[in-house]
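What follows is a set of notes on a single structure, which appears directly below.
The values are calculated or read from the model by the stated rules, or taken from the named source; none is laboratory data. This structure is a prediction, so every number in the text was calculated from the model and none was measured. Here the Cβ positions follow ideal geometry from the backbone for every residue, glycine too, while neighbour counts run over all protein chains shown.
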């Protein structure tokens, strides 16, 4: 069964909305990582990158080249039990 144009666009919109939401959660989690580490001048995605660099001794260029999906996978254990802060909802 072929989707009509409206269905295709609705599916694309849902896909990109979901990806955007997942990326937002990842960046907000970076604020949590910065808080845990006591970093004052770094947060968000930079904190995600720095955390993985410090934890795994990966090169910055390698961490920065990772997709958001790969970053979430690398942080899977740390993100378990974490909930989005009220201010970020």
Yes/no for residue 25 being at pLDDT below 95 and either part of a helix (DSSP H, G or I) or touching a helix residue (DSSP H, G or I) at 6+ places or on another chain (Cβ under 8 Å) (or both): no
Scanning segment 70-81 for residues that are farther than 16 Å from residue 37 by Cα and either in contact with a helix residue (DSSP H, G or I) (Cβ under 6 Å, 6 or more places away or on another chain) or in contact (Cβ under 8 Å) with a residue 12 or more places away in the chain (or both), the one surrounded by the most Cβ atoms within 10 Å (Cβ to Cβ) turns out to be 71
Quiz prompt | Some residue of segment 3-10 being touching a helix residue (DSSP H, G or I) at 6+ places or on another chain (Cβ under 9 Å) and loosely packed, with under 11 Cβ neighbours inside 10 Å | solution = yes
Among 22, 33, the single one that is within 18 Å of residue 88 (Cβ to Cβ), crowded, with 17+ Cβ neighbours inside 10 Å and in contact (Cβ under 8 Å) with a residue 40 or more places away in the chain is 33
- Message: With the structure loaded, tell me whether residue 84 is in contact (Cβ under 8 Å) with a residue 12 or more places away in the chain, in contact with a helix residue (DSSP H, G or I) (Cβ under 8 Å, 6 or more places away or on another chain), surrounded by fewer than 13 Cβ atoms within 10 Å (Cβ to Cβ) and closer than 17 Å to residue 23 by Cα or whether it fails that test.
- Response: yes
Filtering segment 54-73 down to residues that are over 10 Å from the mean Cα position of the chain (by Cα) and closer than 20 Å to residue 19 by Cα yields 63, 64, 65, 66
